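Notes for the one structure printed next.
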Amino acid sequence: MASADAAFSLNLSLGLPADLKSAFPKVVDDGMEQLLKQANIPGDVLTKAEPLIKALVPTVKAGELDLAASLVGPGKDDKYTVVAALKVVDGKKLEGVVKDTVKELPPEASGLFHMDEGTLPGGVKLHRVAVSGQLDENAQKVFGKSDLYVTFRDDLVVVAMGPNAKDVLTKAVQSKPADVGVFRAQVHLSRIAPMMGENAQELAAARKAAEKVFGTGAGQADVIKFSIDGGDSLKVKISAQGKAIQFLGEARAGAEAGNKKEQ
């Protein structure tokens, strides 16, 4: 799910060893039974939630966690789009259960869900959760006034929010599995500069530092990478170009100078 336009991206892939994976479904069943007994959930709530729980159990029993996320941008008005994907088992069955569960919600909650609003490549359906009116000021500064979009493949659930949510979902549902090791994270400092700060002085300092160090085309000079690979032993690697280190120093110094002027 990494994109050339991504300011930040990460991939996480974990799995149980084969000898443990075969025994894991029994562990999940026993754990779920004990959890439901001890949770003291009212009967009517449990009845409504049970189909959704059962639809999620096959993914848990698989003994694997594959997650990817990207922050794409900045685009117009320095807004970003976030997209995240989770590998699942029987995603289409899960989608059907979610639709049924939405129908059982109170009107004030079910009214937020707009199912089957469109169709993406591969025939997957696009669903929208109307949360734009619930976003606080900080979230709107990053994503704009955007709703949350969701789509299901049989092996994948993908969610996105931001001005280009539909476009990034279209690309995500066409993606194919790739070997990413255990963990990968990558950040383009010039792309996250517009959101690096808690006040006007810090934001201005980050922008100025990015323009000074990277100019108009940073290429790969602004990239910091972190990775963990498996095997007989874990291999941890971090890499950063000299300009990336320079930018962090310039941005910090500029922010401190700007804040002192305001005091």
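Stretch PHE24-LYS176 to full length: gain in nm at 0.36 nm per residue minus the Cα-Cα span? If you can, show how the numbers build up before the last one.
Details: separation 152, 0.36 × 152 = 54.72 nm, distance 2.67 nm.
Between PHE24 and LYS176, full extension yields an extra 52.1 nm.
Can you pull out the trypsin sites (Lys or Arg not before Pro) in segment 136-233 that DSSP calls coil and that have at most 12 other Cβ atoms within 10 Å?
For trypsin sites (Lys or Arg not before Pro) across segment 136-233 that sit outside H, G, I, E and B with at most 12 neighbouring Cβ atoms in 10 Å, the list reads LYS145.
From the phi of every residue in segment 171-183, what ³J(HN,Hα) in whole Hz does the Karplus formula 6.51 cos²θ - 1.76 cosθ + 1.60 yield, where θ is phi - 60° and glycine or proline is x?
With coefficients 6.51, -1.76 and 1.60, one gets 6, 5, 6, 9, 6, 10, x, 9, 7, 10, x, 7, 8 Hz.
Checking the table LYS54/LYS235; LYS79/LYS176; LYS92/LYS237 against a 31 Å threshold on Cα-Cα, which pairs fail?
Working: LYS54/LYS235 37 Å; LYS79/LYS176 27 Å; LYS92/LYS237 37 Å.
Cα-Cα > 31 Å for LYS54/LYS235; LYS92/LYS237; rest within.
Given H placed 1.01 Å from N in the peptide plane, which residues other than close sequence neighbours of ARG153 have an amide H under 5 Å from its amide H?
Amide H neighbours of ARG153, under 5 Å, 5+ apart: VAL158.
If you put +1 on each Lys and Arg Cβ and -1 on each Asp and Glu Cβ, how big is the dipole of the chain around its Cα centre, in Debye rounded to 20?
Details: 33 positive and 34 negative charges, 134 e Å.
Charge dipole, the chain, about its Cα centre: 640 debye, nearest 20.
For segment 183-262, what is the charge dipole size about the Cα centre, in debye to the nearest 20, if Lys and Arg each add +1 at the Cβ and Asp and Glu each add -1 at the Cβ? Display every interim value, and only then the final one.
Details: 12 positive and 9 negative charges, 31 e Å.
Rounded to the nearest 20 debye, it is 140 debye.
As I understand it, the value is the acute angle between the Cα axis of helix 200-214 and the longest principal axis of the Cα atoms of the chain; what does it come to in degrees, rounded to 10?
Relative to the chain, helix 200-214 is tipped by roughly 70 degrees.
Would you please put 83-92, 242-251 in order of how densely packed they are, using the mean number of other Cβ atoms within 10 angstrom per residue and starting with the highest? Display every interim value, and only then the final one.
On the way: 83-92: 19.4, 242-251: 17.6.
By packing density, highest mean first, the sequence is 83-92, 242-251.
Return the ratio Rg/(2.2 N^0.38 Å) for segment 183-262, where Rg is computed over Cα atoms only.
Details: Rg = 15.0 Å, N = 80, 2.2 N^0.38 = 11.6 Å.
Expressed relative to 2.2 N^0.38 Å, the Cα Rg reads 1.29.
From the square roots a ≥ b ≥ c of the eigenvalues of the alpha-carbon gyration tensor of the chain, which class results: rounded (a/c under 1.5), prolate (a/b over b/c), or oblate? Don't skip to the answer; put the middle values down first.
Details: a/c = 2.10, a/b = 1.53, b/c = 1.37.
Note, shape of the chain comes out prolate.
Work through the residues other than ARG128 whose Cβ is under 9 Å from its Cβ and net out their charges, Lys, Arg +1 and Asp, Glu -1.
Details: positive: none; negative: GLU117, ASP147.
So the surrounding residues net to -2.
Quick note: the coordinates plus some simple rules give every number you see, no bench work behind them. Quick caveat: nothing in here was measured; it's all calculated off a predicted structure. Quick reminder, even Gly has a Cβ in these numbers, built from the backbone with ideal geometry, and neighbours come from all protein chains shown.
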